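Asks: Once you've had a glance at the structure underneath, I'll fire off some questions.
The values are calculated or read from the model by the stated rules, or taken from the named source; none is laboratory data. What you see is a predicted model, and the numbers here were worked out from it, not measured in a lab. Reconstructed Cβ throughout: ideal geometry from the backbone, glycine too, with neighbour counts over all protein chains shown. Heavy atoms of the whole protein, side chains included, go into the accessibility calculation; ligands, DNA and RNA do not. Shrake-Rupley method; radii C 1.70, N 1.55, O 1.52, S 1.80 Å.
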Amino acid sequence: MSNISAAVTADRLPAEGRRVAARAADLRKTYGRGDTVVAALDGVSIEFAAGRFTAVMGASGSGKSTLMHCMAALDKPTSGEVYLGDVELSTLGDKELTRIRRDKVGFVFQAFNLVPTLTAQENIELPLSLAGRKPDPDWFDTVVDVTGLRDRLSHRPSELSGGQQQRVACARALLSQPDVVFADEPTGNLDSTSGAEVLSFLRDTVDSHGQTVVMVTHDPVAAAYTDRVVFLADGLVVDELHQPSAELVLEQLKRLTAAAGGSAAATGTMATGSEAGA
Amino acid sequence: MLKVTLRNLLARKVRLVLSGLAIVIGVAFVAGSFIFTDTLRATFDGIVKGTTADVQVCPKGACSFDSVADTRTIPASVVRQLGRLPGAAAAHGNDQVQGVYVIGPDGKVVGGGGAPGLAFSFTPTKAITGNRILTLAAGRLPHGVHQIALDQQTVDKSGYRIGDTVHLQTPGTPPMMTARLTGIVTFGEGNSLAGATLTMWDRPAIQQLFFHGRDVFTEVGLTTKPGVSQVELRDQARRVLPTGVTARAGDAVAAQNQKEIGKILGFLNTFLLVFAAIALVVGIFLIINTFSILVAQRSRELALLRAMGASRRQVNRSVLLEALAVGFIGSTIGLGAGYLLAIALKGLFGLIGLDVSGTTMPVHVRTVVVSYVVGILVTLVAAYLPARRASRVAPVEAMRDDVTLGESGMGRRLVVGGVLIALGIAAIVAGWIGSGSGGLTGIGLGALAVLVGVSLLSPVVGRPVVAVLGALYRSLYGTVGQLATANSLRNPRRTAATASALMIGLTLVSTMAIFGQSTKASTEQAIRQTVTAPLIVSSKTQSPFSPAIAASIRSLPGVKTVAELRIASGKVDGNDATIGAADVGQLARTLNVRMAVGALSAAATHTILVDAGTAKANHLRVGERVPLRLQGGTQTVVVAGTFATNSMPMPYLVSLQTLQAGGLKPMDAYLFVSKAPKADIDTVTAEIQKTVADLPTISLQTQQQFIDAQSKQIDQFLYMIYGLLALAIVIAILGIVNTLALSIIERTREIGLLRAVGLSRAQLRRMVRLESVVIAVLGAVLGVAMGIVFGSAMVRALADQGLNVLSIPWIQLVVFVVAAAVIGVLAAVLPARRAAKLDVLQAIATE
Ligand SMILES: Nc1ncnc2c1ncn2[C@@H]1O[C@H](COP(=O)(O)OP(=O)(O)O)[C@@H](O)[C@H]1O
Ligand SMILES: [Mg+2]
């Protein structure tokens, strides 16, 4: 118990004085009005250090997706601030936000990541071509090679497996060399082999190219690929782990669940976790 | 199931409103046509019944519905004799003169000049309705040449008041005169005169002015004694009438006239209904699309219903029930809109002189029934295929993640479409070679087959067009262009059906444009080749004018020849014919009539010249003796020669004497004026201008002005057709809006994704716009291409009838395509705005 608490306290500080790629300050997001108001984020302050791979975990409904969306300029928080690099998002209009989505962040959804009418290559290049730019050919080759999509470039999404589709989505997110890549349960729809493909690829981009990646996952095994795990509960950061192993993560999840009184949602999360871990 | 249907109706409001609107427009057209022609019929029925005496006595053929001014009259002695008949309560002679126009205080012809100007002697005759034909409503009856009474509507329209001096143009000598307005009469049942104007003199005055002072009448009206039938009185009258004069029972006359009017109104109604049909056909495309998509969107729900035990028939019926409701509501609103359309048509026809503003507009049961039947049937037919597809959804599909009602086999479509196109082309080619009216029918049917065939094949036929646009888009708009092109290719059938709707409209518009342009070019060529006279006098009202005008121009210094051309309708060898009459000696000096066989001078007494094409079509040989029937009787004439096609404005030519022998009053349609060699054209023109200046219905034109005036008339006709086709195009535009709105709903998630990876709102709007332009331009290009083929074929087939120049208005056709692109942009405004408003995250979360 105490060693974890200590780790939590220590790691709330920016790690090793690295540059901060993205940061949220007292982020709040509420849905609904009056009696039915739900606080999806209830004052989240968090930093994501550049060149590191972070996992965000928590029970279903704890606000993980909301956090990703707010930080990736896909959604506007009710209050609080989001910084991507030095840029604060709350004051920006739709045009600037669009530009940020193209240039500064990459996003990978759980499913339906690709435009069905475009080939894999066109999908990868989409954010750049929308901006009217050409990708750097060397970087394009690198991304394609790392994702292992070389012989699939001219295929349409319908001709790709789920894992390949997610890798295309990752390649798209990486091609513009964004400050941060956000991935919301990128392996949620994949079997364990395909999931592992995607995860090791993400790990690799962090290690060899210094990419910043933030990933939501339910799976302790997936979390073990990362450098740091942040736990959310009821819209608040409640805990975090560094250099996690699957066992540590699982243990921590159990603890959090117990603290939450074994709510149905958390049990669901547990089940998912142990299944994937098995 | 009913509850499900109703719930669905409410849930898909927008979609259904759009397809409902297609029905509304189509049905409005149908209802409007009926209501309008019924209004006209009611007006003319009122006129006919209110003006026909119990027994009508006229020179044979002179008082028919389409009779023109006749030279024959009935002496006053006959009237007295008729008055003594045992069955006659009264016999009144009446003098009727055509071509008497009231000139308003503004110097213009009252009523615009499209409707007839009639003059009567005031008569106390009663009509078959039992009321007097003419009733004095205000003032007193006119007395003498310089006093007149006018009908109420003419007074209202002109603004003249009793006591004012009224200017008149008449067929008498001199043509212009003035008279004081002493009274106002109402006519018949007091309802509309359909725009005609009535001028009343007393009997001696009208006889002095137009009948050389003789006490004669153009017709006699008899009133039956109580207990005597019309037929009895008619038979009594026939026994005492001189030869060449006949009596007819009033009811029979009215029925005959109503029949003749009915025929013309029938043509008008059919003409309008053709455009209604076009609008409805275009609407079918829109409805098929709408229901296909509604079914596709609901397929999971339908499968669930099937899984819960709903039978195929129930599913099928629930969709058809929905269509029924749309059809019913659409027809109801359409009926109302039709009434408004009829009012608009009434106003439009009022502008060209057919003023029926006094009549109430009847909505017959027939109109209501036809509107509902057409509206509901069209909706059901269009919804049938989608409904059948819906019933084929397997229950198990409820469990699947994404149900797609696949666009099933193009195979059969390809075969059917291909066969139709092949047959259509064959028919067009046959028509092209065949020419004549048979050829035209061939081309018409062929065109229809090709149109349907191309609609079926448009997913394939349209590919090159989309490919070209796609390449253009890609180079201009990059990825956004590529996405738009790809989207338009996603549901090729839907895109094609949407484009086909526009295609139909543009095919017809382009065909008409080519037809119109060729008509103008042919007319111009014919006039330039034939008319050698520098000046042409004609009537603005299309009705002939007094020969006194020719006489006064002839007497002007510097004028060498005035050739009058008169026109009559009659029958030659049993065929309906428009017959020209002229003094060929004078005609030869003003027109260059190219003869095929014989000489122009052969048109003398008892001969006739025939257009070479007409002669061939009607099997008339030179030297043959044929009966020539004019309203005053039949004479035998010899075909003395043929003139080259298009070298005369009408297919038959006789001498002035022959025409007059047919009982027709000498009235001129055209005067061709040439000047003396030394005279200055401007001076001569100014002199003639002075003579005709105070004749508001007469215009003096140079050859170029004459050509321009003809072109203008053709243009007006074209604009009217375009106006009628516009409704079909409006429906096609609604179809584009519909398709775009649907594809946006279907692709909500994808749009969210695109926005998430950096598609800006402006880019998204552009994407929708470009997709819309693809559809519109596809429809336009196919339509214009087919229009070129159909129009050329049609002109070719009509070459014998004088359409010998094929002229294709390329610029105009390009303008059509560009306009279609603009339409595409406009159609995309709302759907694009809607797409841009989508919230990125909600869009992604959408199933
Ligand atoms: N669009 C929305 N409208 C209302 N409530 C929402 C909406 N999106 C999320 N929520 C609520 O916010 C909370 C957090 O949701 P989310 O961030 O999706 O959770 P997670 O991704 O951790 O499962 C949940 O209680 C959810 O019901
Ligand atoms: Mg989530």
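Asks: Checking A:Gly132 against (1) modelled with pLDDT under 90; (2) open to solvent by less than 20 Å² (accessible area, probe 1.4 Å); (3) within 14 Å of another protein chain (Cβ to nearest Cβ), which test does it fail?
Replies: All conditions are met except number (2).
Asks: Still on this structure: Restricting attention to strands (runs of 3 or more DSSP E) lying wholly within segment B:90-149, give those where 1 or more residues are out of contact with any Gly (no Cβ under 7 Å at 6 or more places or on another chain) and farther than 29 Å from B:Ala548 by Cα.
Replies: On the way: elements: B:96-98, B:101-103, B:117-121, B:134-139.
Because the criterion is at least 1 residues that are out of contact with any Gly (no Cβ under 7 Å at 6 or more places or on another chain) and farther than 29 Å from B:Ala548 by Cα, the strands (runs of 3 or more DSSP E) in segment B:90-149 that meet it are B:134-139.
Asks: Here's a follow-up. Which of the residues belonging to segment A:115-127 are more than 7 Å from chain B (Cβ to nearest Cβ) and among the β-branched types (Val, Ile, Thr)?
Replies: A:Thr119, A:Ile124
Asks: Right, here's the next one. Mind telling me which of the residues B:Ala582, B:Ala563 ends up being in contact with a strand residue (DSSP E or B) (Cβ under 8 Å, 6 or more places away or on another chain) and either within 14 Å of another protein chain (Cβ to nearest Cβ) or crowded, with 24+ Cβ neighbours inside 10 Å (or both)?
Replies: Values: B:Ala563 fails: either within 14 Å of another protein chain (Cβ to nearest Cβ) or crowded, with 24+ Cβ neighbours inside 10 Å (or both).
Of the residues listed, the single one that is in contact with a strand residue (DSSP E or B) (Cβ under 8 Å, 6 or more places away or on another chain) and either within 14 Å of another protein chain (Cβ to nearest Cβ) or crowded, with 24+ Cβ neighbours inside 10 Å (or both) is B:Ala582.
Asks: Let me ask you something else. So, in segment A:98-114, exactly how many residues are closer than 18 Å to A:Asp184 by Cβ and either within 8 Å of chain B (Cβ to nearest Cβ) or away from ligand 1 (no atom under 16 Å from the Cβ) (or both)? Even if it seems obvious, please write down each step before you answer.
Replies: If we filter segment A:98-114 for residues that are closer than 18 Å to A:Asp184 by Cβ, which is where we start, we get A:100-101, A:104-114.
Within this subset, residues satisfying the condition of being either within 8 Å of chain B (Cβ to nearest Cβ) or away from ligand 1 (no atom under 16 Å from the Cβ) (or both) are A:100-101, A:104-107, A:109, A:112-114.
Number satisfying all stated conditions: 10.
Asks: Among what's in segment B:485-500 and is open to solvent by 20 Å² or more (accessible area, probe 1.4 Å) and touching a Pro at 6+ places or on another chain (Cβ under 7 Å), pick the residue that is nearest to the other protein chains (Cβ to nearest Cβ).
Replies: My answer is B:Pro492.
Asks: A further question on this structure: Considering only residues of segment A:231-251 that are away from ligand 1 (no atom under 12 Å from the Cβ) and touching a Ser or Thr at 6+ places or on another chain (Cβ under 8 Å), which is modelled with the highest pLDDT?
Replies: If we take residues in segment A:231-251 being away from ligand 1 (no atom under 12 Å from the Cβ) and touching a Ser or Thr at 6+ places or on another chain (Cβ under 8 Å), then A:Val237 is modelled with the highest pLDDT.
Conditions (1) basic (Lys, Arg); (2) within 37 Å of the chain's Cα centre (by Cα), marked per residue:
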site: B:Arg161; (1), (2): yes, yes
site: B:Ala194; (1), (2): no, yes
site: B:Pro204; (1), (2): no, no
site: B:Val220; (1), (2): no, yes
site: B:Lys225; (1), (2): yes, no
site: B:Ala254; (1), (2): no, yes
site: B:Leu265; (1), (2): no, yes
site: B:Thr270; (1), (2): no, yes
site: B:Leu273; (1), (2): no, yes
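Asks: Please find, within segment A:41-61, the residue that is nearest to ligand 1 (Cβ to nearest atom) out of those that are closer than 12 Å to A:Ala233 by Cβ and in a strand (DSSP E or B). Don't jump to the end; show me each part of the working.
Replies: Going residue by residue through segment A:41-61, those that are closer than 12 Å to A:Ala233 by Cβ are A:41-42, A:44, A:56-61.
Narrowing further to those that are in a strand (DSSP E or B): A:41-42, A:44, A:56-58.
Working: A:Leu41: 8, A:Asp42: 10, A:Val44: 11, A:Val56: 8, A:Met57: 9, A:Gly58: 6 Å.
Step by step, filter segment A:41-61, then rank; the result is A:Gly58.
Asks: Restricting to segment A:39-65, count the residues that are open to solvent by 20 Å² or more (accessible area, probe 1.4 Å) and within 14 Å of ligand 2 (Cβ to nearest atom).
Replies: Of the residues in segment A:39-65, 4 are open to solvent by 20 Å² or more (accessible area, probe 1.4 Å) and within 14 Å of ligand 2 (Cβ to nearest atom).
Asks: While we're looking at this one, here's another question. Given the criteria away from ligand 2 (no atom under 14 Å from the Cβ) and within 14 Å of chain B (Cβ to nearest Cβ), does A:Gly32 qualify? Give the steps one after another, and end with the answer.
Replies: Numbers: away from ligand 2 (no atom under 14 Å from the Cβ): yes; within 14 Å of chain B (Cβ to nearest Cβ): no.
No: the conditions fail for A:Gly32.
Asks: What is the residue count in segment B:651-694 for residues that are assigned to a loop (DSSP other than H, G, I, E, B), modelled with pLDDT of 85 or more and of a type in the set (Asp, Glu)?
Replies: Of the residues in that region, 1 qualify.
Here's the yes/no breakdown for (1) more than 19 Å from A:Val20 (Cα to Cα); (2) within 14 Å of chain B (Cβ to nearest Cβ); (3) not acidic (Asp, Glu):
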site: A:Arg156; (1), (2), (3): yes, yes, yes
site: A:Val168; (1), (2), (3): yes, yes, yes
site: A:Arg172; (1), (2), (3): yes, yes, yes
site: A:Val180; (1), (2), (3): no, no, yes
site: A:Ala196; (1), (2), (3): yes, no, yes
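Asks: Within the group A:Phe201, A:Phe182, A:Phe231, which residue is among the aromatic types (Phe, Trp, Tyr), more than 16 Å from ligand 2 (Cβ to nearest atom) and either touching a Gly at 6+ places or on another chain (Cβ under 9 Å) or part of a strand (DSSP E or B) (or both)?
Replies: When all the criteria are applied, what remains is A:Phe201.
Asks: Condition first: open to solvent by 10 Å² or more (accessible area, probe 1.4 Å), hydrophobic (A, V, I, L, M, F, W, C) and within 14 Å of chain B (Cβ to nearest Cβ). Now tell me which residues in segment A:69-88 satisfy that. I'd like the intermediate steps shown before the answer.
Replies: Quick first cut of segment A:69-88, residues open to solvent by 10 Å² or more (accessible area, probe 1.4 Å) only: A:69, A:74-81, A:83, A:85-88.
Checking which are hydrophobic (A, V, I, L, M, F, W, C) leaves us with A:74, A:87.
Correct list: A:Leu74 only.
Asks: So which residues in segment B:92-104 are more than 35 Å from the chain's Cα centre (by Cα) and either open to solvent by 20 Å² or more (accessible area, probe 1.4 Å) or on the phi > 0 side of the Ramachandran plot (or both), if there are any at all?
Replies: Hit for segment B:92-104 is B:His92, nothing else.
Asks: How about segment B:724-779: which of its residues are away from chain A (no Cβ under 14 Å), open to solvent by less than 10 Å² (accessible area, probe 1.4 Å), under 25 Å from B:Ala279 (Cβ atoms) and β-branched (Val, Ile, Thr)? Explain how you work it out, then say what you get.
Replies: In the first step, residues of segment B:724-779 are kept if they are away from chain A (no Cβ under 14 Å); the result is B:724-742, B:744-745, B:768-769, B:772-773, B:775-779.
When the remaining residues are screened for being open to solvent by less than 10 Å² (accessible area, probe 1.4 Å), the result is B:725, B:728, B:731-732, B:735-736, B:738-740, B:742, B:768, B:772, B:775-776, B:778-779.
Subsequent filtering for residues that are under 25 Å from B:Ala279 (Cβ atoms) retains B:725, B:728, B:731-732, B:735-736, B:738-740, B:742, B:772, B:775-776, B:778-779.
Residues satisfying the conditions are B:Ile731, B:Ile736, B:Thr739, B:Ile775.
Asks: Scan segment A:111-125 residue by residue and report those that are in a helix (DSSP H, G or I) and under 17 Å from B:Ile844 (Cα atoms). Break it down stepwise before answering.
Replies: Going through segment A:111-125, the residues in a helix (DSSP H, G or I) turn out to be A:120-125.
Within segment A:111-125, A:Asn123 is the sole residue that qualifies.
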